Amino acid sequence: MSTDFPDHVFREYDIRGKVDRDITPELVRQIGAAYATRFVNRENPILAVGRDLRATSATLSEAVIEGMLSTGVNVVDVGQAPMPGLYFAIGLWDLDAGVGITASHRPSDENGLKVRMGDGPFYGDDLQVLMEEVLAGDFATGSGNYETRDFYPDYFRLAAQQLSAERSIDIVLDLGNGCGTLTAPRLLRELGYGVTTLFEEPDGTFPGRGPDPTKPGAMEPLKQKVLETGAELGIAIDADGDRVAVVDHRGEYVQPDEYMIPICRELLADGPITVVSEVRCSQSIVDDVEARGGEMFLEACGYPFILAGMERRDAQIGFETTGHCYFKDPFFKFDDATYGAGRLLGALSRADESLREIVDSAPRYYPADPPRYACPNDLKFQVVEEVADTYSDEYRIIRTDGVRAQSADGWSVLRASNTGEELVSRWEGKTEQARDKVGEDLMGRLRDVMAKRGLPLAKADH
């Protein structure tokens with residue numbers, strides 16, 4: 001491998017890095033050629049390309065399209081779009097694959113690519129193989145056809161068919177100058193909601209609250225606007241339009257595993273359903289779903305695992321604790337913040353209680369927000385496995401991603417980070433005392449295992 005090749009940009013779920021230093025038009029052109037070469041032997045292969053609002057995305061989009069066309073593969077350009085809009089277009093038109101130019105919720109000086117195979121994700125080892133194909137440079141040659149298409153009319157039509165409102169709800173919608181501004185205000189207003197917007201102007205420098213609404217302080221303008229207007233809730237969408245963040249009528253942050261409760265309850269009122277989340281999920285929603293006759297399964301962290309778990313278990317709903325939510329819908333089976341907001345608002349419009357009242361009526365657990373702990377990459381998975389082995393049969397153990405240990409009073413999870421030399425933990429208790437006891441128990445087990453390997457229990461540097 002070339003010493004100056006930026007192999008680090010080929011990550012677990014996407015390709016991403018600093019523009020010019022890591023991500024250049026030439027690299028993106030080669031990625032486009034390498035990926036398109038996979039499809040040249042198909043009959044009339046067509047790939048879709050879309051881009052977010054960053055200033056560098058237009059140039060990089062041109063580069064990836066140039067690379068694709070140079071192999072003889074045809075390209076449909078959907079232009080500026082939320083990433084879920086691109087995914088919608090791929091499924092709507094039954095295209096072979098697609099690439100979105102975006103750096104998701106990262107700062108504006110970064111950019112990259114999200115890759116789709118058919119209407120599903122392309123990630124992990126597949127991205128590493130794609131990197132090797134880029135390095136090999138053995139690309140097909142040809143001259144593909146280029147066209148532009150507009151998916152928005154079908155998007156709004158089909159989304160409106162799937163969503164409904166029993167009553168109007170006044171909301172504040174924080175778009176963060178990102179791609180959500182292309183879909184969310186129009187759709188939610190057409191559904192009958194009263195929408196006051198923040199940072200609606202499309203601007204890839206994200207001058208409002210930044211591309212990531214969950215960063216400390218980023219949701220303060222939303223909170224203040226909700227209080228000022230008397231809105232029932234506030235909704236924020238990240239830069240590429242696939243994550244939802246929520247505050248209630250008091251401006252208080254509502255965790256994703258809390259705001260999914262009314263959505264699940266609405267479906268459960270009609271009979272049992274299956275819900276899929278990940279091992280960091282609060283036990284509150286698990287208990288709430290199961291108390292109403294549903295089933296809930298906890299998969300490994302990461303959207304491919306949620307989607308695979310949903311397909312395997314024929315689940316109606318899936319979500320991550322990071323704000324990505326998924327629904328068993330033929331046209332919107334991916335993480336679309338606009339559609340997810342519509343589902344949340346629809347459930348609340350048909351409920352007799354506010355979002356805060358619904359969340360407070362669910363089984364109560366007290367969460368901890370512990371730091372990440374430093375652990376070398378070559379040891380972190382072994383350390384987690386050794387901690388898992390210390391639990392006795394009195395605990396309910398889930399080992400799909402690290403170890404989640406459930407007891408009568410609470411639960412804890414310990415897992416190795418996919419991206420850094422660190423361990424990630426979380427725990428909850430039915431009381432504050434139980435929470436602290438659960439955490440002390442986990443930290444004691446981790447401290448003992450680390451000590452046996454001569455490692456201190458130290459916070460990871462960030």
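I'd like to check which helices (runs of 4 or more DSSP H) are fully inside the range 349-460 and have at least 1 residues that are among the aromatic types (Phe, Trp, Tyr).
It comes to 377-388.
Can you find, within the range 333-347, the residue that is nearest to residue 266 (Cα to Cα) among those that are under 14 Å from the mean Cα position of the chain (by Cα) and not small (Gly, Ala, Ser)?
Here the answer is 339.
Go through the range 377-410 residue by residue and tally those that are free of Cβ contacts under 8 Å to residues at least 60 places away in the same chain and of a type outside the set (Phe, Trp, Tyr).
20
For residue 106, which of the numbered conditions (1) outside any strand (DSSP E or B); (2) at pLDDT 95 or above; (3) within 17 Å of the chain's Cα centre (by Cα) fails to hold?
Single failed check for residue 106: (2).
Scan the strands (runs of 3 or more DSSP E) fully inside the range 210-321 and keep the ones with 1 or more residues being surrounded by fewer than 22 Cβ atoms within 10 Å (Cβ to Cβ).
Those strands (runs of 3 or more DSSP E) span 274-278, 295-299.
Out of (1) loosely packed, with under 15 Cβ neighbours inside 10 Å; (2) modelled with pLDDT under 95, the odd one out for residue 201 is which?
(2)
Hey, can you tell me all the residues within the range 30-54 that are among the aliphatic types (A, V, I, L, M) and either closer than 17 Å to residue 136 by Cβ or not in a strand (DSSP E or B) (or both)?
Matches in the range 30-54: 31, 33, 34, 36, 40, 53.
Select from the range 45-90 the residues that are out of contact with any Phe, Trp or Tyr (no Cβ under 8 Å at 6 or more places or on another chain), among the β-branched types (Val, Ile, Thr) and closer than 16 Å to residue 145 by Cα and list them in ascending order.
Matches in the range 45-90: 49, 64.
Any residue that is at negative phi, within 23 Å of the chain's Cα centre (by Cα), without any contact (Cβ under 8 Å) to a residue 24 or more places away in the chain and surrounded by fewer than 23 Cβ atoms within 10 Å (Cβ to Cβ) - is there at least one of those in the range 158-176?
No: the range 158-176 contains no residue that is at negative phi, within 23 Å of the chain's Cα centre (by Cα), without any contact (Cβ under 8 Å) to a residue 24 or more places away in the chain and surrounded by fewer than 23 Cβ atoms within 10 Å (Cβ to Cβ).
Could you pull out the residue among 52, 22, 14 that is without any contact (Cβ under 8 Å) to a residue 40 or more places away in the chain and either in contact with a Gly (Cβ under 9 Å, 6 or more places away or on another chain) or surrounded by 24 or more Cβ atoms within 10 Å (Cβ to Cβ) (or both)?
Every option except 22 fails the conditions.
Criterion first (among the aliphatic types (A, V, I, L, M) and in a loop (DSSP other than H, G, I, E, B)) does residue 27 satisfy it?
Criteria not met by residue 27.
The values are calculated or read from the model by the stated rules, or taken from the named source; none is laboratory data. These numbers come from a predicted model, not from an experiment. Backbone-built Cβ (ideal geometry, glycine too); neighbour counts: all protein chains shown.
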